[in-house]
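Comments concern the structure below.
The values are calculated or read from the model by the stated rules, or taken from the named source; none is laboratory data. Keep in mind that this is a model prediction, so the values were computed, not measured. Ideal geometry is used to build each Cβ from the backbone, glycine not excepted, and the neighbour counts take in all protein chains shown.
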Amino acid sequence: MAEDTFLADDLLRQLMNVGEVDLLVGVSSRDAADTIAHALSAIEQSFQQYFVRQRVVIVIVGSGDKDKKNGLLEATSSTPFTRNPRQPGITSLRTIHRVTADFSTPPPPGVALHTVLAAADLLRARACAVLPPAANLNPSAVASLLKPAYHENFDFVAPLYKRHKFQGLLARNLLYPMSRAVFGCAIRELYSDEWGFSGRLASLCLNQDVWQEQAIRARPEAWMAISAIASDLRCCQTYLGEKSQPPTVAGSDIVDALR
Amino acid sequence: MALQRDNLWYKDAVIYQLHVRTFCDSNADGIGDFAGLTRRLDYLQGLGITAIWLLPFYPSPLRDDGYDIADYTSVHSSYGTLDDFKIFLEAAHSRGIRVIIEMVLNHTSDQHPWFKESRSSHDNPKREWYVWSETDTGYQGVPIVFVDTETSNWAWDPLSKSYYWHRFFSHQPDLNYDNPAVFEAVWEVMKFWLDIGVDGFRLDAVAFLVEREGTLCENLPETHAVIREIRKRLDISYPGTMLLAEANQWPADVRAYFGDGDEFHAAFHFPLMPRMFMAVKLEDRKPIIEILEQTPEIPENAQWFIFLRNHDELTLEMVTDIERDYMYDEYATDKTMRINRGIRRRLAPMMNNDRRRIELLNGLLMSMPGTPIVYYGDEIGMGDNIYLGDRNGVRTPMQWNSSLNAGFSSADPERLYAPVISNAVYGFQAVNVDAQTRSEHSLLLWMKSLIKVRNAFRVFSRGTIQFLNPSNHRVLAYVRQFEGETVLVVNNLSNSAQAVELDVQRYKGYVPIEMFGRNLFPRFGNLPYLLTLGPYQFYWFQLRRL
């Protein structure tokens, strides 16, 4: 259960209106004013295409006035009715909800995840995913992260990418062998900005007394993966295709440096 | 109690749909008849309904439950005589109940004298009364309606060695409305019944009257011209009578059948019905709002007719493939329950006999824009028999009491046109009118009170609708308004208790009065109005400025 005072009243009211859900996707709008619209659209398309019958919600962790201004993050309980029933097509049977957890300043990743986990716990979500507000997010990737947890009862779903040989050197050559040696679990992408998980894992992590620790607040993703592995929960990897990198300043990326 | 003079009576009506055969048998032959129906009119008057819609009672080989008419101006001998019908009609009118009858304009039975003449030779004067062809290649691409039984819309006639056109069963040849003589003959038939005193016609399969090459042969301008001419003659010679369209189409397509108020008086809103069932199962108001927001405005003198169940399958023509699959999975898990593109079940079994859901759906039916139709037996929660074949499972004898044959007939049970429902849950011993009349909290008495409230407020039949769209999507809330009347309807579509905040700023200062108990609720103020609703609960509030 979430801490009594952790969630804002406004968010609680939104969650009350949503009610129990099957699927929950958390996405942070931090520094993503240009791409959040695409990401939300991709998530909704994924729901419409792969989860037409499920009760779904998108939890947007917003970061203040800038996000509000662009109008995209306003919570809503109703999807605009744009479908013409005379032209049957792929659609969701249910309302696709968006709720917004708004912070006055951009919250650290750990706080954002804490909020998503609390929402998942309160709404009794069966399968969840945390996604980046990326411009290249596609509906099938969203589904790939949710399906193992929803349909096959996996508790942690790590992404698996096709990478350039100079991409992800740290993850491939250091983190992966180390975690495999320590935990005996072959998860290649422990430090990822997108992953899926079950409601059970969400509750387990939420109830850990770690959320004030600086390391968790800064990089909670690996901690969550390790929590799943260490708790003997069911973990899997799902192939998401080629890993695309956000544009970076020349020389600041190890791939560029090695070219 | 005489009929009130009001040419728009159909807007305020609560209609009860029944088949004479199913209602009450007066002569112990196992088949319901007009004399039996006349005896039961007091029951219908007590229920509060104001009109009866009769399914076909004409002479017929009954290969399509009477929609295959062999004589338009008589009564099937099993149901009595024309005089019996006249007595029934007069008795209904004397109780303030109007009568709408079926008229099948699109086709006749192949046993109708018109068709017998038409097929007798190529030179017969009635040859052109039907649609004949030397080949079966015309009107390619026109959909087949009864996909379970028909493979083509053309049928070979070995007698005249040519093909005839039929949109429904092959024993129902389509009339040819390109021939003016057909129209005049049909008008004579309608005049026959109007002169007797019927109050309206439900015109069956109106979308298919005229055929044109290169089209789907549906909703053609020529079909509308036929309807306009009938309406014109009706308005001149028989004001106060009405035409009801059976056009299983999207609202935007049906809208054309109202014309500029010069075609049909009323039409069924087919797509709304499955979406009410869907919304309750999904616990989400989306399907209902979605279809109503896409329903076009209709002329002032026109009306939608809405229903939950009827004598046919619960049609799933007007839903997407995804929605149809969902409906099948949720409401027709046993494939025997499915027929054509629909579900052959009654209301109560579809709701698993859950009284709360049955009440909620009836509450929606009575409070949505349109004239509600109650299918016989649904007011007591009758069950069905999906093993009877075709759609006969929802056409079993009315259950009046727990005596022999449910009080429907004193014939030997083997002689009944169909067996009465006798299973442990829905059997006539448990579900019948007598028992429910004696029980203070029965579904029947609850239905009476619902209809009574509905009849007391014209806002339900003529009012506008405005959705409130609260954040809680499990709650469907709308305001109906007509002249000085304002009603707020709040429905919890879910299986669990819900809290909802309603934005009623527009009605600030109004006092909501719960319409069944007449209890006052707190006045609307500046803040969103908080309501809590139990599972499947609904409220009707009359809003008054006090």
Considering A:Ala75, A:Ala37, A:Ala42, which residue is at pLDDT 85 or above, surrounded by 18 or more Cβ atoms within 10 Å (Cβ to Cβ) and farther than 25 Å from B:Pro271 by Cα?
A:Ala42
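Going residue by residue through the range B:450-468, is there one that turns out to be among the charged types (D, E, K, R), in contact with a strand residue (DSSP E or B) (Cβ under 8 Å, 6 or more places away or on another chain), within 30 Å of A:Asp10 (Cβ to Cβ) and in a loop (DSSP other than H, G, I, E, B)?
In the first step, residues of the range B:450-468 are kept if they are among the charged types (D, E, K, R); the result is B:452, B:454, B:458, B:462.
Subsequent filtering for residues that are in contact with a strand residue (DSSP E or B) (Cβ under 8 Å, 6 or more places away or on another chain) retains B:454, B:458, B:462.
Narrowing further to those that are within 30 Å of A:Asp10 (Cβ to Cβ): none.
No, that holds for no residue.
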Does B:Glu290 satisfy the condition of being under 23 Å from B:Gly363 (Cα atoms), touching a residue at least 60 places away in the same chain (Cβ under 8 Å) and among the acidic types (Asp, Glu)?
no
Can you pull out every residue in the range B:317-367 that is surrounded by fewer than 18 Cβ atoms within 10 Å (Cβ to Cβ), farther than 19 Å from B:Ser442 by Cα, more than 14 Å from chain A (Cβ to nearest Cβ) and not basic (Lys, Arg)?
B:Thr333, B:Asp334, B:Thr336
Could you please tell me which pairs satisfy a Cβ distance under 7 Å, a separation of 6+ or placement on different chains, a first residue in the range B:247-267 that is within 14 Å of chain A (Cβ to nearest Cβ) and closer than 13 Å to B:Thr223 by Cβ, and a second residue that is part of a loop (DSSP other than H, G, I, E, B) and polar (S, T, N, Q)?
B:Gln249/B:Asn219; B:Asp253/B:Asn219; B:Ala256/B:Asn219
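Part of a loop (DSSP other than H, G, I, E, B), surrounded by 23 or more Cβ atoms within 10 Å (Cβ to Cβ) and within 14 Å of chain A (Cβ to nearest Cβ): does that describe B:Met382?
Numbers: part of a loop (DSSP other than H, G, I, E, B): yes; surrounded by 23 or more Cβ atoms within 10 Å (Cβ to Cβ): yes; within 14 Å of chain A (Cβ to nearest Cβ): no.
Answer is no for this residue.
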Of the numbered conditions (1) within 15 Å of the chain's Cα centre (by Cα); (2) within 14 Å of chain A (Cβ to nearest Cβ); (3) among the β-branched types (Val, Ile, Thr), B:Val374 fails exactly one; give the number of that condition.
(2)
I'd like to know if the range B:459-473 contains one or more residues that are within 14 Å of another protein chain (Cβ to nearest Cβ), under 18 Å from B:Leu365 (Cβ atoms) and either under 27 Å from the mean Cα position of the chain (by Cα) or at pLDDT 95 or above (or both).
yes
Here are the criteria: (1) out of contact with any Leu (no Cβ under 9 Å at 6 or more places or on another chain); (2) among the charged types (D, E, K, R); (3) buried (at least 17 other Cβ atoms within 10 Å of the Cβ). Tell me which single one A:Asp232 does not satisfy.
(3)
Anything in the range A:110-126 that is small (Gly, Ala, Ser) and touching a Cys at 6+ places or on another chain (Cβ under 7 Å)? List them, or say none.
A:Ala120
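Buried (at least 18 other Cβ atoms within 10 Å of the Cβ), assigned to a strand (DSSP E or B) and within 14 Å of chain A (Cβ to nearest Cβ): is that true of B:Val479 in this structure? Spell out how you get there, then give the answer.
Working: buried (at least 18 other Cβ atoms within 10 Å of the Cβ): yes; assigned to a strand (DSSP E or B): yes; within 14 Å of chain A (Cβ to nearest Cβ): no.
No: the conditions fail for B:Val479.
Filter the strands (runs of 3 or more DSSP E) completely within the range B:121-220 down to those with at least 3 residues that are surrounded by 14 or more Cβ atoms within 10 Å (Cβ to Cβ) and within 31 Å of the chain's Cα centre (by Cα).
Details: elements: B:154-157, B:162-165, B:200-204.
So the answer is B:200-204.
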Return a yes/no flag: does the range B:174-187 have any residue that is without any contact (Cβ under 8 Å) to a residue 24 or more places away in the chain and closer than 19 Å to B:Arg231 by Cα.
yes
State whether one or more residues within the range A:94-111 are modelled with pLDDT under 55, surrounded by fewer than 22 Cβ atoms within 10 Å (Cβ to Cβ) and either under 20 Å from the mean Cα position of the chain (by Cα) or within 26 Å of B:Leu282 (Cβ to Cβ) (or both).
no
What's the total number of residues in the range B:494-537 that are more than 13 Å from chain A (Cβ to nearest Cβ), touching a residue at least 40 places away in the same chain (Cβ under 8 Å) and not hydrophobic (A, V, I, L, M, F, W, C)?
3
Answer residue from the range B:385-400, given it is part of a helix (DSSP H, G or I) and out of contact with any Gly (no Cβ under 6 Å at 6 or more places or on another chain) and is surrounded by the fewest Cβ atoms within 10 Å (Cβ to Cβ) among those
B:Tyr387
Where residues in the range B:284-298 are facing chain A (nearest Cβ under 10 Å) and not in a helix (DSSP H, G or I), which of them is surrounded by the fewest Cβ atoms within 10 Å (Cβ to Cβ)?
B:Gln294
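Restricting to the range B:231-242, count the residues that are surrounded by fewer than 22 Cβ atoms within 10 Å (Cβ to Cβ) and touching a Phe, Trp or Tyr at 6+ places or on another chain (Cβ under 7 Å). Talk me through it step by step, then tell me what you get.
The first filter runs over the range B:231-242 and keeps only residues surrounded by fewer than 22 Cβ atoms within 10 Å (Cβ to Cβ), leaving B:231-240.
Within this subset, residues satisfying the condition of being touching a Phe, Trp or Tyr at 6+ places or on another chain (Cβ under 7 Å) are B:233.
Matching residues across the range B:231-242 total 1.
Quick test for you: out of A:Val61, A:Val57, A:Val130, A:Val116, pick the one residue that is buried (at least 24 other Cβ atoms within 10 Å of the Cβ), within 11 Å of another protein chain (Cβ to nearest Cβ), at pLDDT 90 or above and within 16 Å of the chain's Cα centre (by Cα). Quick ask: steps written out before the conclusion?
Details: A:Val61 fails: within 11 Å of another protein chain (Cβ to nearest Cβ); A:Val130 fails: within 11 Å of another protein chain (Cβ to nearest Cβ); A:Val116 fails: within 11 Å of another protein chain (Cβ to nearest Cβ).
Criteria check complete, one pass: A:Val57.
Check the range B:232-242 and report whether any residue there is in contact with a Cys (Cβ under 7 Å, 6 or more places away or on another chain), farther than 26 Å from B:Thr50 by Cβ and at pLDDT 95 or above. Write out each step before concluding.
Quick first cut of the range B:232-242, residues in contact with a Cys (Cβ under 7 Å, 6 or more places away or on another chain) only: none.
No, the conditions are met nowhere in the range B:232-242.
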Limited to the range B:304-316, what total is found for residues that are within 20 Å of A:Leu93 (Cβ to Cβ) and either small (Gly, Ala, Ser) or more than 14 Å from every other protein chain (Cβ to nearest Cβ) (or both)?
3
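Can you pull out the strands (runs of 3 or more DSSP E) entirely within the range B:1-115 that have at least 2 residues that are farther than 22 Å from B:Val420 by Cβ and modelled with pLDDT of 95 or more?
Working: elements: B:15-18, B:51-54, B:98-104.
In the range B:1-115, B:51-54, B:98-104 are the strands (runs of 3 or more DSSP E) which contain 2 or more residues that are farther than 22 Å from B:Val420 by Cβ and modelled with pLDDT of 95 or more.
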